[in-house]
Amino acid sequence: VSMGSGSSAAPLTANLTGLAPCKTYDFWVTATNPGGMVNGAVLSFPTGCPAPEVTTTAATNVLPTGATLNGTVNPNGVATMAEFEWGPTTSYGHTTGIQTIGSGTSALPLSAPLSGLVSCAVYHYRATATSGAGTVTGPDRTFQTTCTGGRLYTVAPCRVLDTRGYSAMVDGEPLIVVFCDKCGIPPTALAVAANVTVTEPSLPGYLSIYPADLARPGTSVVHFGTGRTRAAMTIIKLSDGGGGVALLEATVPSGGTVHVIIDVSGYFE
């Protein structure tokens, strides 16, 4: 840059482009005339260090014991590492493996699978990214692992039904069995674990038990022969409408009878 031939200080400026972020640059001024070359003092300046941009998005592949956490990270031109924090509360307590995101300038997907989770439980999580600008966290989100199969609550073995105290069952006449509020079974129970026993059958046949709000499925819980006592441990699904109700139905030839005993040992919610 030509500075002319004056005898007083004149300003000198230069615009720089293409510099790297999060860097410190040294610079000095050099002036040359017929008297020689002179350098000014060495000074320095840092370039800006933009923080990464982080979002936390919805979890996918949510199962009873696993899920995939998702998010996005924009490094904003600075080398960035990222991970997820997760746990049962916003204190988290767990992290996924650290992933290298690079130093690009656009948002990139971030995901991490989880396993060994508790079914039917709520978990908190958030994406976290770290670069030379520091650490940035995305917003907190939650997911609930699925409750497929329900959670079993055991109870002391308890008898819900024994038809020997009144009439025996006959072919095609279903009996309503109410489990709610018996043996510690709450109205919210979805199913019960029970031992179903048939005894004193006068003819061979089979026994069905099913939710009271569904049609008879035609399946058997226990097959029995004449005069034979038989038992089976089974899971009995209850009506979806609540109330803890199921239908018990015997299939025996016309004129046949059978007694039924049901003992519960737990329930599912």
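The values are calculated or read from the model by the stated rules, or taken from the named source; none is laboratory data. Everything numeric here is computed off the predicted structure, so don't read it as measured data. Reconstructed Cβ throughout: ideal geometry from the backbone, glycine too, with neighbour counts over all protein chains shown. Protein only, heavy atoms only, side chains kept; ligands, DNA and RNA dropped before computing areas. Shrake-Rupley method; radii C 1.70, N 1.55, O 1.52, S 1.80 Å.
Go through Cys120, Cys158 and list them by solvent-accessible area, largest first, probe radius 1.4 Å. If you can, show how the numbers build up before the last one.
Working: Cys120 65, Cys158 40 Å².
Order by accessible area, largest first: Cys120, Cys158.
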Inset, instruction - Please arrange Leu247, Leu12 by accessible surface area, largest first, computed with a 1.4 Å probe and ligands excluded. - result: Leu12, Leu247
Legend entry - Amide N proximity, region 207-224 versus Tyr153 label position 7 Å along Cα-to-Cβ, cut-off under 15 Å: none
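Between Ser220 and Ala58, how high is the FRET efficiency from 1/(1 + (r/R0)^6) when r is the Cβ-Cβ distance and R₀ = 45 Å? Nearest 0.05.
Details: r = 43 Å, r/R0 = 0.96.
The pair Ser220/Ala58 has a calculated efficiency of 0.55.
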Inset, instruction - Would you kindly state how much longer the chain becomes between Thr30 and Ser106 on full extension, computed as 0.36 nm times their sequence separation minus their alpha carbon distance, in nm to one decimal? - result: 23.4 nm
Inset, instruction - Give the accessible surface of the chain per residue, rounded to a whole number of Å², with probe radius 1.4 Å and ligands, DNA and RNA excluded. - result: 55 Å²
Inset, instruction - Roll a 1.4 Å probe over the protein heavy atoms and report the accessible area of Arg216 in Å², nearest 10. - result: 80 Å²
Legend entry - Solvent-accessible surface ranking, highest first, for Ser208, Ser254, Ser265 at 1.4 angstrom: Ser254, Ser265, Ser208
Legend entry - Residues whose placed amide H lies under 5 Å from that of Cys120, excluding near-sequence neighbours: Thr145, Thr146, Cys147
Inset, instruction - Once you've got the GNM for the chain with C-alpha springs shorter than 10 Å, pick whichever of Leu69, Leu110, Leu43 has the biggest mean-square fluctuation. - result: Leu43
Legend entry - Exposure of Met37 as accessible area (Å², to 10), given a probe of 1.4 Å and all protein chains: 130 Å²
Inset, instruction - At 1.4 Å probe size, with no ligands or nucleic acids counted, give the accessible surface of Asp171 in Å², nearest ten. - result: 70 Å²
Legend entry - Residue of Asn70, Asn61, Asn15 that the Gaussian network model of the chain assigns the largest fluctuation, springs spanning Cα pairs under 10 Å: Asn15
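Considering the convex hull of the alpha carbon atoms of region 16-55, report its projected area averaged over all viewing directions, in nm², one decimal.
On the way: hull surface 14.9 nm².
With every direction weighted equally, the projected area is 3.7 nm².
With +1 on the Cβ of every Lys and Arg and -1 on the Cβ of every Asp and Glu, and nothing else charged, how large is the dipole of the chain about its Cα centre, in debye rounded to the nearest 20?
260 debye
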Inset, instruction - Mind telling me which of Glu83, Glu249, Glu173 comes out most flexible in a GNM of the chain, alpha-carbon contacts under 10 Å? - result: Glu173
Inset, instruction - Spit out the partnerless Cys residues in the chain, using Cβ distances under 4.7 Å as the pairing rule. - result: Cys180
